Amino acid sequence: MSTINYSEKIPNNVNLEDDRTLKRALEQWQPNFLSWWGDMGPDGSQDFDVYLRTAISVDPQGWAQFGHVKMPDYRWGIFLNPGVQREVHFGDHKGEAAWQDIPGEYRANLRRIIVTQGDTEPASVEQQRHLGATAPSQYDLRNLFQVNVEEGRHLWAMVYLLHKYFGRDGREEGDALLERRSGQEDNPRILQAFNEPTPDWLAFFMFTYFTDRDGKFQLSALAESAFDPLARTTKFMLTEEAHHMFVGESGISRVIQRTCQAMNQLKTDDPKTLREAGVIDLPTVQRYLNFHYSVTVDLFGADESSNAATFYSTGLKGRYEETKRDDDHQLKGQSYRILQARDGQLVEKEVPMLNALNEVLRDDYIKDSVAGVDRWNKVITKAGIPLRLVVPHKAFHRNIGGLAGLKVSPEGKVVSESEWNARKSEWLPTPEDRAFVSSLMGRVVEPGKFANWIAPPAMGVNRQPVDFEYVRFA
Ligand SMILES: [Fe+2]
Ligand SMILES: [Fe+2]
């Protein structure tokens with residue numbers, strides 16, 4: 001069951017050959033996907049041979065096989081974690097057998113959840129499509145492409161569920177996923193962070209660190225679902241997601257390492273001098289961090305949400321690490337503290353836990369994000385530099401929920417409109433910051449060479465040397 005059949009047009013481990021209707025529907029969708037990839041996938045990459053990993057089985061020991069592949073020939077397919085007998089472990093259906101099909105009354109909500117998740121996958125490919133032109137090394141270019149093909153596969157994962165379980169509605173949603181476009185005014189992607197541009201590699205690394213981590217938490221919550229095919233699909237997606245976050249975390253870490261090296265060489269922390277030396281000053285890194293963190297924190301949705309309560313109680317979406325928590329997994333009568341502004345102050349307000357589940361997931365996400373930022377700070381400490389990067393307050397620069405539009409400093413102080421305007425350029429990337437970062441972006445293609453603003457990685461991919469030919473250009 002866990003072996004993937006590559007002899008078929010659509011590689012899969014779900015016995016697609018036994019379901020002719022589904023197979024036909026997906027085979028009709030496949031050329032549309034490939035034409036979307038041609039139009040919106042990585043720019044100019046069609047003829048490159050890229051050292052990519054492909055899933056050969058969903059077993060933890062051996063799912064990846066590495067080799068040079070032409071990007072459009074990547075074998076996107078449908079891979080689910082093996083099925084096990086399991087029970088629903090939260091909500092009103094706790095203790096019942098997990099569902100192999102969707103109860104009629106939950107179709108609309110599940111469809112919405114799957115479409116919203118599915119929409120983020122092609123969106124990030126669209127956001128990142130121009131980055132290949134300015135890759136700081138072959139190693140980084142390869143990592144970008146690996147992330148891109150796997151986001152493409154995540155789209156397949158969601159489209160499989162739509163086609164298999166939602167009939168004609170599902171097929172229509174599958175088509176619409178290829179029609180929306182990131183940042184397009186008349187037909188944008190569903191969530192705002194996925195309509196923001198990813199204009200440079202500092203933004204890309206921040207995105208893969210922060211925004212792919214939102215993916216981790218959403219997928220982890222869906223991996224608890226009572227709807228078993230969704231749980232099994234998202235479990236396998238999570239193994240791919242881990243690499244995306246690694247790309248972000250190590251990318252930023254290498255930027256910081258290079259900057260600290262220049263700071264020590266030049267004995268300065270003056271951003272202007274450092275910029276003249278062609279590295280990214282740490283205050284600029286901090287402003288990018290503030291931006292990507294705050295738009296990502298918004299992705300968790302409103303802090304009080306009756307939908308979140310419904311999704312949980314009906315068993316559609318659990319909490320992060322649901323089974324590791326020792327409460328009743330139904331949460332009725334329990335409460336949670338959320339933030340709100342009252343008389344110019346942020347104050348806590350107690351609300352029913354079920355309504356606060358977006359906030360619960362957001363808080364789990366925040367804990368996880370902070371851990372990586374601590375690891376970045378270790379790089380700065382090791383260089384003997386006193387500065388520290390910090391994750392801004394969760395009320396900073398919010399656009400969704402009760403805190404939306406409130407003017408709050410990164411330290412969590414409510415500020416006046418005029419103070420916000422006066423200090424915004426200290427807190428969020430300015431047009432000058434972005435212009436400076438983009439001025440550093442130039443394509444480095446020789447194996448083993450790296451752009452001046454980033455340190456080489458400690459190790460290559462799949463134990464290959466750092467100067468391995470990760471991309472063979474046509
Ligand atoms: Fe994804
Ligand atoms: Fe991802």
> Filtering the range 135-163 down to residues that are within 9 Å of ligand 1 (Cβ to nearest atom) and among the acidic types (Asp, Glu), which residue is farthest from residue 73 (Cα to Cα)?
Replying inline: 151
> Is it fair to say residue 134 is buried (at least 22 other Cβ atoms within 10 Å of the Cβ), hydroxyl-bearing (Ser, Thr, Tyr), under 27 Å from residue 251 (Cβ atoms) and at pLDDT 95 or above?
Replying inline: no
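Take residue 443 and tell me if it is more than 21 Å from residue 243 (Cα to Cα), surrounded by fewer than 17 Cβ atoms within 10 Å (Cβ to Cβ) and among the charged types (D, E, K, R). Walk me through it before giving the result.
Values: more than 21 Å from residue 243 (Cα to Cα): yes; surrounded by fewer than 17 Cβ atoms within 10 Å (Cβ to Cβ): yes; among the charged types (D, E, K, R): yes.
Considered against the rule, which asks whether it is more than 21 Å from residue 243 (Cα to Cα), surrounded by fewer than 17 Cβ atoms within 10 Å (Cβ to Cβ) and among the charged types (D, E, K, R), residue 443 comes out as yes.
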> Out of curiosity, is residue 179 away from ligand 2 (no atom under 16 Å from the Cβ), of a type outside the set (A, V, I, L, M, F, W, C) and not in a helix (DSSP H, G or I)?
Replying inline: yes
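Restricting attention to the range 157-177, and to residues there that are of a type in the set (Phe, Trp, Tyr) and surrounded by fewer than 24 Cβ atoms within 10 Å (Cβ to Cβ), which single residue is nearest to residue 53 (Cα to Cα)?
Of the residues in the range 157-177, the ones of a type in the set (Phe, Trp, Tyr) are 160, 165-166.
Applying the additional criterion that residues be surrounded by fewer than 24 Cβ atoms within 10 Å (Cβ to Cβ) yields 165-166.
Details: 165: 29, 166: 31 Å.
The qualifying residue nearest to residue 53 (Cα to Cα) is 165.
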> What is the one condition in (1) closer than 25 Å to residue 357 by Cα; (2) of a type in the set (A, V, I, L, M); (3) within 16 Å of ligand 2 (Cβ to nearest atom) that residue 161 does not satisfy?
Replying inline: (3)
> Which residues, taken from the range 206-232, are within 16 Å of ligand 1 (Cβ to nearest atom) and more than 21 Å from residue 313 (Cα to Cα)?
Replying inline: 207, 208, 209, 210, 211, 212, 213, 214, 215, 216
> How many residues does the range 91-141 contain that are among the polar types (S, T, N, Q), closer than 26 Å to residue 214 by Cβ and in a helix (DSSP H, G or I)?
Replying inline: 7
> If you go through the range 206-234 one residue at a time, how many are in contact with a helix residue (DSSP H, G or I) (Cβ under 8 Å, 6 or more places away or on another chain) and either of a type in the set (Gly, Ala, Ser) or more than 13 Å from ligand 2 (Cβ to nearest atom) (or both)?
Replying inline: 13
> On the given criteria, is residue 235 in contact with a His (Cβ under 9 Å, 6 or more places away or on another chain), among the charged types (D, E, K, R), within 30 Å of residue 81 (Cβ to Cβ) and assigned to a helix (DSSP H, G or I)?
Replying inline: no
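The values are calculated or read from the model by the stated rules, or taken from the named source; none is laboratory data. Note that this is a predicted model, so its numbers are computed, not measured. All Cβ positions, even for glycine, are placed from backbone atoms using ideal geometry, and neighbour counts span all protein chains on display.
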